[in-house]
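Written out below as structure tokens is the structure these notes cover.
The values are calculated or read from the model by the stated rules, or taken from the named source; none is laboratory data. Owing to the predicted nature of the structure, the values given are computational and were not obtained by experimental measurement. Note that each Cβ is placed from the backbone with ideal geometry, even for glycine, and that neighbours are counted across all protein chains shown.
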Amino acid sequence: MRIDTTFNGGVYGQPFYNADPGQGNRFRDYFNSRSRMALTVDTRTATEYGVVRTFGQADFQFQNFGTSNPGAPAFTGSPLNNALLSTAGGGYVAVEMVFIQFAGFTFGKSASAYATPWHGYPGNNNSFLMGGHDTVTGVNNIQYTAQFGNGVSGTIGLDDPTVFNRTVVGNLSVGLPAAGTGAPVNTYGGTHAPDIVGNIRVDQAWGLFQISAAAHLVNASYNILTATTGQPNNLSEISGHPDDKWGGSVMAALQIKNLPTGAGDDFKIDVSYAKGDTKNVISTSGSSPTFLMFGNTGVPGGYQSIGIGLTTDAIYSGGLNGGATQGLKLTEAWGVRGAFNHNWDPYWSSSLWGSYAGVRYSGDVLDPTSAKGALCNAFNTTNTAKSGDYSCNPDYNIAQVGVVTRWTPVKNLTFSGEVGAFFLDQKLTGSAVLVGPSPKPTARYEFRDQSTVFLNVRVQRNF
């Protein structure tokens with residue numbers, strides 16, 4: 001049983017880095033809360049082939065979902081959000097792990113073979129520490145684990161990327177529908193291949209070391225699609241499509257136990273690199289966000305400042321004959337995250353956590369056939385009256401840091417408080433007149449780095 005309330009943040013500590021909260025408009029909630037009961041079923045049966053295990057977890061949840069902003073995607077059914085069932089006397093059920101294990105094989109919805117044991121939680125409470133992979137709620141897969149002895153194991157698997165491991169493939173010829181943001185329409189094609197994932201792990205008394213790798217197929221739908229929506233039309237099929245490209249990612253992870261700072265203390269860290277597989281760096285327990293944050297400005301005649309960070313797997317120009325870029329340009333990303341966990345005594349513990357990550361678009365802003373040049377050309381058409389010091393660069397970095405302290409007065413009952421900060425280091429400079437996303441006006445906005453902080457309080461009872 002878990003009860004969460006986050007101030008100046010979303011449910012489970014999501015920083016206010018996009019949508020109405022990122023804008024700071026009147027539809028923003030000052031706090032969000034969720035009550036959850038997680039019910040698990042875990043059966044194990046001894047057979048002549050070893051133990052057969054079945055496991056499932058259902059989360060019965062109720063939350064204050066947010067504002068009644070009629071323009072918010074969740075309220076217009078795109079995408080459908082089951083949290084909208086949190087009406088008076090209502091609620092909803094979320095499914096986490098559901099799998100069968102037999103003779104080293106795992107079938108069903110389980111943690112990816114790519115994942116570390118701590119996923120995106122080296123020491124934090126919140127579900128939004130980015131910089132590496134996170135399938136803590138499971139992904140449909142088939143995998144096999146071999147034990148080599150002395151704590152050494154290897155796992156290989158096939159993951160379904162449809163829900164958890166695809167961000168955006170942007171067709172720039174469709175246009176940029178999100179006014180002022182430069183965000184391309186997602187024109188991913190159907191799922192054509194599973195992700196091929198695996199790890200080699202060493203588990204011993206001193207800690208853990210793991211190397212993971214993943215291969216991910218990036219594929220677009222068509223070159224010609226309906227402007228601003230990405231929907232197909234009668235020209236789509238005959239317009240062709242860019243060739244599919246394989247991307248992937250690698251991750252190294254380390255846990256050190258038995259630290260001299262105290263009994264049970266440990267340090268966890270993982271480092272990631274991805275090309276065309278950005279979800280394995282800009283990752284949460286749900287979707288991968290695109291960042292759009294607003295703040296104050298000192299620019300004469302400026303309305304506000306804006307910070308932009310686009311999360312994509314690839315971009316292409318599309319259009320007749322495939323456009324200028326002639327194919328998919330895969331996005332690169334890297335990240336590092338970790339935490340130091342300390343026990344003050346049997347009742348009190350704290351964790352200091354943080355992460356740093358970057359997203360990079362290849363090429364040069366002056367080369368329209370490169371990812372960077374094509375993105376900037378598209379973005380420049382959405383803004384006018386650019387200042388003399390204006391420059392376009394879609395690259396960005398994000399940083400996160402925070403601390404959580406827990407009190408366990410009796411066994412299996414924990415009260416905790418977490419404070420976290422999120423920083424967006426965007427690379428555009430100067431200012432321009434943008435058509436702001438509603439309810440923002442069309443006005444002059446300064447391009448500037450942004451930040452936000454949150455406070456989460458939690459009560460959890462395990463039984």
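Taking the stated definitions as given, is Phe55 at pLDDT below 95 and more than 22 Å from the chain's Cα centre (by Cα)? No, not satisfied. In the set Phe415, Phe423, Phe463, only one residue is out of contact with any Pro (no Cβ under 8 Å at 6 or more places or on another chain) and modelled with pLDDT of 95 or more; that residue is Phe423. The strands (runs of 3 or more DSSP E) located wholly in the stretch 253-342 that include 2 or more residues which are acidic (Asp, Glu) and touching a Lys or Arg at 6+ places or on another chain (Cβ under 7 Å) occupy 266-275.
Can you name every residue in the stretch 21-39 that is over 19 Å from Asn82 (Cα atoms) and touching a residue at least 40 places away in the same chain (Cβ under 8 Å)? Gly22, Gln23, Gly24, Asn25, Arg26, Phe27 - these are the residues of the stretch 21-39 that are over 19 Å from Asn82 (Cα atoms) and touching a residue at least 40 places away in the same chain (Cβ under 8 Å). Residues in the stretch 81-103 that are part of a loop (DSSP other than H, G, I, E, B) and surrounded by 10 or more Cβ atoms within 10 Å (Cβ to Cβ) were compared, and the one that is modelled with the highest pLDDT is Ala103. For the stretch 372-386, the criterion of a residue being surrounded by 19 or more Cβ atoms within 10 Å (Cβ to Cβ), touching a residue at least 12 places away in the same chain (Cβ under 8 Å) and either part of a loop (DSSP other than H, G, I, E, B) or on the phi > 0 side of the Ramachandran plot (or both) is satisfied by no position. Condition test on Ser355, is it of a type in the set (Ser, Thr, Tyr) and closer than 25 Å to Asp244 by Cα? Criteria not met by Ser355.
For the stretch 253-290, filtered to residues that are surrounded by fewer than 16 Cβ atoms within 10 Å (Cβ to Cβ) and under 20 Å from the mean Cα position of the chain (by Cα), the residue that is nearest to Thr137 (Cα to Cα) is Gly286.
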